[in-house]
């Protein structure tokens, strides 16, 4: 399942999940920043767990439930989270933003009212070179306050 | 008419919606029918002659498009300032990442194998890897000597001050290379059509730089080259010049193959091959009076330019002009030079030479303070530039800036005095050492000297057929908020709402050349032109009696529609003119170096872990005067982001070199700050305004890169009572200084300090 829809593709079993999503399904919201699981800009949710899709061979994703940024965008609740990123300046160049928003979504699922320390830890696998993170923290706080993810 | 000001309001980022939903299209998100992928075969030695190129038989080379220097239709160079950098090496390589051959294939996986299957035989020549080796001139690797550029800035008679000096304080300071590390790697797509010519789409800062380079390389006229900027995932100067090289490569493959070609670098190629911040060395010798006043000084500023000239003269110029900082120098002699080494060329990175020379100066001010037994605060206070005094280039400070007051506010915001005393007491007992440090600095906005006059930027505002308005500039958005702020300016000037104004994609077929998106010039210089061009639209409508003095957005739309229906295309263009009184002597390097300066005082609080020697920044106050803040959320974002990068510059980001080649070109081993590493970064603005900027704005993008490193290292010195004069300052350097030093003290000093 990708974003709630059953998907069948024929690719090499060791093809990276990231490439399958981007090339076979045209879901280009997940980005490649480093190709080695350091930057988090290819983050997606796999069975509710935040993963770096550049490190997942397609065979491992077979039969799982994948959610990408495109899947979250149609989620009514998420509009609040995206709005918080816009209001607070949480996105600058935008390349880390889809992964970052998925990481925040994942964090807020686990901790609907996170402390600043929990936010710092929760997002430490997603690198952002533009913002210095502070305005992303602001966005998470605002989103949590408004009950963005329940 | 609308009543609220748009300028000064935190309107949402114009392209923000696409970014938060994943819909924004970056170059790698784009594909064209029948597209090939391109890759670059690079030199693997620092310097030498290419003897033979062999294609190993395990690859079916018939399937590949192969391009060498022979395939270049025009001149084999990447045109910028000098034309010394080839697009593809022709017989000779000068650094270990130099492009030699280009390959294209429909399958990216096969392509990667093919790159490995090209064997190149070289005759190695002696190579130079450090500034010191370059200065020895044992091997001339560039030009007649080893020097790309020198500058001399002289004020007063510095030779006469030494005998009057109560103290003479000397110091040498170095900074390392730093990778921009935008999260989106470089990439380009090129397509060639014999009818329409060449089009490239890419991740880039300066569409017209790429345009100029492609015209020269391909021998094509301006109208047959089109450059389109895609959404760009960070740049920081790193996409100022190198995109011209990648566009050139994609273009050559596209021309030869007749198919569109995409080149996307992976992280390692991007980090190793593209430009980084220039490594630097600054020597200070300063004459100081008994009461702590600077009488004069000599400053020797040297940067490592790498193998080709590229932007080094310009980086050097900014570094040299900022070397005296926000202080009054009755006399000074600044000698600056950029030297050649056999490393990939170093280039633009936020701050552009100023973070290097200001690191040196602000460390040196603390050294002077210690020598004359004053506090770091007092030494700065006594030497601050005052309104009416002149800078090192003889530019009179005409705005009413009060740096003493700025300093006071920063000290208050950071609780400096209380903390400094408290830490001094605690450090006597505790293992964990804490310290607090300051840095005062300035940053000139826009191109240096006559640069803006030479650029002669053109900006347009168009009223469209449907009555909407759009801004026409080649200034690009790569996170800073260019689109948002320029639209705010246009809306304000037109008396419209923010949502009534749009902006064209940065496409050379659509927009005029408003200059490169660099040098903190976009809001101040281009913004001012947008303001004028927008007023032009309004005046034309008023003059033709289509618009009353007071109007609603709907009345404005109607007026535009009517005008276009009657007269056709309706565009207002404005060209830059040097403001009066901004006079610069390029020969003597004297006069008004910049039309405006932003001023700042930053305070860093650190602690040093007694077991890991790890430095953590615990609190950071960034106070700056930046003219008028046009969008508070975006402005704050610029400052925080710059401070974060500068914390990396100071404490984490070390490029490991081996024979001119970066060894740690991965995010695993080149470490930038994560969300868990940074202190609260507290941002405060003072707003004096600026006659030369749009609605009083100055440039702010680069400013926050200049001050954090010296403030942090000054704080480390405060904590440990040991001076550190090189960055990045890593735990092992602190260990060496505290523990290793004892073991090394028996050795003569010359045995140390060798990189």
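The values are calculated or read from the model by the stated rules, or taken from the named source; none is laboratory data. Note that the structure is a prediction, hence the values are computed from the model and not measured. Neighbour counts run over all protein chains shown; Cβ positions are idealised from the backbone, glycine included.
Just one residue in the set B:195, B:139, B:184 is assigned to a loop (DSSP other than H, G, I, E, B), farther than 30 Å from residue B:366 by Cβ and within 14 Å of chain A (Cβ to nearest Cβ); that residue is B:184. Does residue B:642 meet the test of being touching a residue at least 40 places away in the same chain (Cβ under 8 Å), assigned by TED's automatic domain parsing to the domain that holds residue B:358 and out of contact with any strand residue (DSSP E or B) (no Cβ under 8 Å at 6 or more places or on another chain)? For residue B:642, the condition - touching a residue at least 40 places away in the same chain (Cβ under 8 Å), assigned by TED's automatic domain parsing to the domain that holds residue B:358 and out of contact with any strand residue (DSSP E or B) (no Cβ under 8 Å at 6 or more places or on another chain) - is met. Within region B:473-490, the residues that satisfy the criterion of being crowded, with 24+ Cβ neighbours inside 10 Å and either away from chain A (no Cβ under 14 Å) or part of a helix (DSSP H, G or I) (or both) are B:473, B:474, B:475, B:482, B:485, B:486, B:487, B:488, B:489, B:490. Of all the listed residues (B:636, B:535), the sole one being part of a helix (DSSP H, G or I), outside the structural domain of residue B:410 (by TED's automatic domain parsing) and free of Cβ contacts under 8 Å to residues at least 60 places away in the same chain is B:535. Of the residues in region B:448-468, not one is within 27 Å of residue B:684 (Cβ to Cβ) and under 29 Å from the mean Cα position of the chain (by Cα). For region B:86-98, check the following and say yes or no: at least one residue is part of a loop (DSSP other than H, G, I, E, B), surrounded by fewer than 18 Cβ atoms within 10 Å (Cβ to Cβ) and either within 14 Å of chain A (Cβ to nearest Cβ) or modelled with pLDDT of 95 or more (or both). Yes, region B:86-98 contains a residue that is part of a loop (DSSP other than H, G, I, E, B), surrounded by fewer than 18 Cβ atoms within 10 Å (Cβ to Cβ) and either within 14 Å of chain A (Cβ to nearest Cβ) or modelled with pLDDT of 95 or more (or both). Let me confirm something: among B:180, B:137, which residue is modelled with pLDDT of 95 or more and over 24 Å from residue B:76 (Cβ atoms)? Only one candidate qualifies: B:180.
The number of residues in region B:1-47 that are surrounded by 14 or more Cβ atoms within 10 Å (Cβ to Cβ) and at positive phi comes to 2. In a helix (DSSP H, G or I), without any contact (Cβ under 8 Å) to a residue 12 or more places away in the chain and more than 9 Å from chain B (Cβ to nearest Cβ): is that true of residue A:143 in this structure? When the stated conditions are applied, residue A:143 does not pass them.
Kindly indicate whether any position in region B:650-672 is at pLDDT 95 or above and part of a helix (DSSP H, G or I). Checked region B:650-672: at least one residue is at pLDDT 95 or above and part of a helix (DSSP H, G or I). For residue B:532, the conditions (1) touching a strand residue (DSSP E or B) at 6+ places or on another chain (Cβ under 9 Å); (2) closer than 21 Å to residue B:691 by Cα; (3) buried (at least 21 other Cβ atoms within 10 Å of the Cβ) all hold with the exception of (3).
From the list B:243, B:260, the one residue that fits, being touching a strand residue (DSSP E or B) at 6+ places or on another chain (Cβ under 8 Å) and within 25 Å of residue B:475 (Cβ to Cβ), is B:243. No other residue among A:4, A:63 is surrounded by fewer than 15 Cβ atoms within 10 Å (Cβ to Cβ), touching a strand residue (DSSP E or B) at 6+ places or on another chain (Cβ under 9 Å) and away from every other protein chain (no Cβ under 13 Å) apart from A:4. The number of residues in region B:664-699 that are away from chain A (no Cβ under 14 Å) and in contact with a strand residue (DSSP E or B) (Cβ under 7 Å, 6 or more places away or on another chain) comes to 12. Every condition in (1) at pLDDT 95 or above; (2) over 12 Å from the mean Cα position of the chain (by Cα); (3) more than 18 Å from residue A:128 (Cβ to Cβ); (4) more than 9 Å from chain B (Cβ to nearest Cβ) is met by residue A:54 except one, and the failing one is (3).
Scan region B:157-164 and give yes if some residue there is over 32 Å from the mean Cα position of the chain (by Cα), over 30 Å from residue B:260 (Cβ atoms), surrounded by fewer than 16 Cβ atoms within 10 Å (Cβ to Cβ) and free of Cβ contacts under 8 Å to residues at least 40 places away in the same chain, otherwise no. Yes; the residues of region B:157-164 include at least one that is over 32 Å from the mean Cα position of the chain (by Cα), over 30 Å from residue B:260 (Cβ atoms), surrounded by fewer than 16 Cβ atoms within 10 Å (Cβ to Cβ) and free of Cβ contacts under 8 Å to residues at least 40 places away in the same chain.
Checked across region B:613-621, the condition of being within 14 Å of chain A (Cβ to nearest Cβ), in contact with a strand residue (DSSP E or B) (Cβ under 7 Å, 6 or more places away or on another chain), surrounded by 22 or more Cβ atoms within 10 Å (Cβ to Cβ) and under 30 Å from residue B:693 (Cβ atoms) holds for at least one residue. Among the residues making up region B:353-394, those that are in a loop (DSSP other than H, G, I, E, B), under 26 Å from residue B:582 (Cα atoms) and in contact with a helix residue (DSSP H, G or I) (Cβ under 9 Å, 6 or more places away or on another chain) are B:353, B:385, B:386, B:391, B:392, B:393. The residues of region B:382-439 that are within 27 Å of the chain's Cα centre (by Cα) and either farther than 26 Å from residue B:691 by Cβ or outside the structural domain of residue B:334 (by TED's automatic domain parsing) (or both), listed by number, are B:437, B:438, B:439. Any idea how many residues of region A:105-127 are buried (at least 20 other Cβ atoms within 10 Å of the Cβ), more than 7 Å from every other protein chain (Cβ to nearest Cβ) and outside any helix (DSSP H, G or I)? Going through region A:105-127 one residue at a time, the tally reaches 2.
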